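A short worksheet on the structure shown next.
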Amino acid sequence: MGKSMDFEKIERGARRSERVRNTIIYVLLGIWALVVLFPFYWMVLSSVKSYSAYNAEYIPQLFTLSPTLQNYADAFTAVPLAKYFLNTLIFTVITTAVMMIVTVLAAFAFARLDFPGKNIAFVIFLSLMMIPNELVIITNFVTITNLDLRNTFLGLILPSITSVFYIYLLKENFAQVPDELYYAAKVDATSDFKYLWKVMIPICRPTLVTITILKVIECWNSYVWPRLITDDPNYYLVSNGIQEIRENGFGRENIPAMMSAVVVISVPLILLFLIFHKKIMAGVARGGTKG
């Protein structure tokens with residue numbers, strides 16, 4: 001009887017400790033969520049404040065009693081933001097499609113094919129990740145300028161059609177596919193390309209979806225390269241549009257107009273992430289696990 005009571009006390013103590021631990025974890029996660037989400041809240045709040053109300057706030061207010069949508073209308077009338085959306089969509093779709101072709105073929109070659117110097121080539125290829133992006137941008141800028149591709153979609157797209165990290169991620173995922181499938185396909189006289197299309201790609205679809213989504217987000221958020229390589233409004237992306245609103249459309253002080261443009265630009269990416277966030281997490285975890 002005494003042992004039973006002692007066991008119940010231990011069990012109650014364990015449950016109490018677990019509740020306390022879970023409470024602390026949820027409180028910390030809640031605080032972190034507020035820290036992460038506050039910039040988005042501030043962005044949306046600033047976008048619905050009028051220019052006069054925003055500038056009249058000596059102490060920033062965390063709410064507004066007179067929201068307005070005029071800033072959103074101004075964002076599309078002060079600059080051709082809709083055209084910049086179209087340019088960004090073209091840039092994103094073409095860049096992502098070409099990059100996926102390059103990434104799949106390169107990853108398949110490193111993971112499955114045998115050729116002289118493959119391991120050395122892969123090590124050298126990975127070493128490119130150690131080069132700072134600033135140096136790559138300078139080199140790309142000089143190359144594109146020498147090829148007379150400034151202010152063209154080709155000049156925007158070319159430097160972004162490959163990624164060492166994505167190739168490495170997909171290569172590790174391809175390497176997890178059993179070798180027996182490849183040998184069986186070869187017995188059936190299946191070509192490498194058919195094996196890649198019929199076997200490897202369907203098996204590794206989660207990682208491919210993840211890479212596609214991450215590349216779309218990367219292209220949509222591209223800022224430095226479009227600012228360097230384009231000064232013709234016909235090739236401006238949405239990142240150029242935000243800066244144009246700041247500098248030319250309203251002046252440097254109209255923060256609400258800038259915030260409204262940022263909200264409009266951010267909505268597609270937020271929806272994309274909310275829809276595919278599980279696939280992104282699954283694909284990254286799958287690509288990073290080997291064995």
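A few points about this structure:
- Restricting attention to region 31-63, the residues being among the polar types (S, T, N, Q) and either at pLDDT 90 or above or farther than 20 Å from Ala73 by Cα (or both) number 1.
- Restricting region 52-78 to residues that are assigned to a loop (DSSP other than H, G, I, E, B) and among the aliphatic types (A, V, I, L, M), the residue that is farthest from Ile255 (Cα to Cα): Leu65
- Going through (1) more than 22 Å from the chain's Cα centre (by Cα); (2) surrounded by 13 or more Cβ atoms within 10 Å (Cβ to Cβ) one by one, Phe91 falls short only on (1).
- Among residues of region 115-164, those that are closer than 20 Å to Ile217 by Cβ, out of contact with any Cys (no Cβ under 8 Å at 6 or more places or on another chain), hydroxyl-bearing (Ser, Thr, Tyr) and surrounded by 15 or more Cβ atoms within 10 Å (Cβ to Cβ), counted: 1
The values are calculated or read from the model by the stated rules, or taken from the named source; none is laboratory data. What you see is a predicted model, and the numbers here were worked out from it, not measured in a lab. Quick reminder, even Gly has a Cβ in these numbers, built from the backbone with ideal geometry, and neighbours come from all protein chains shown.
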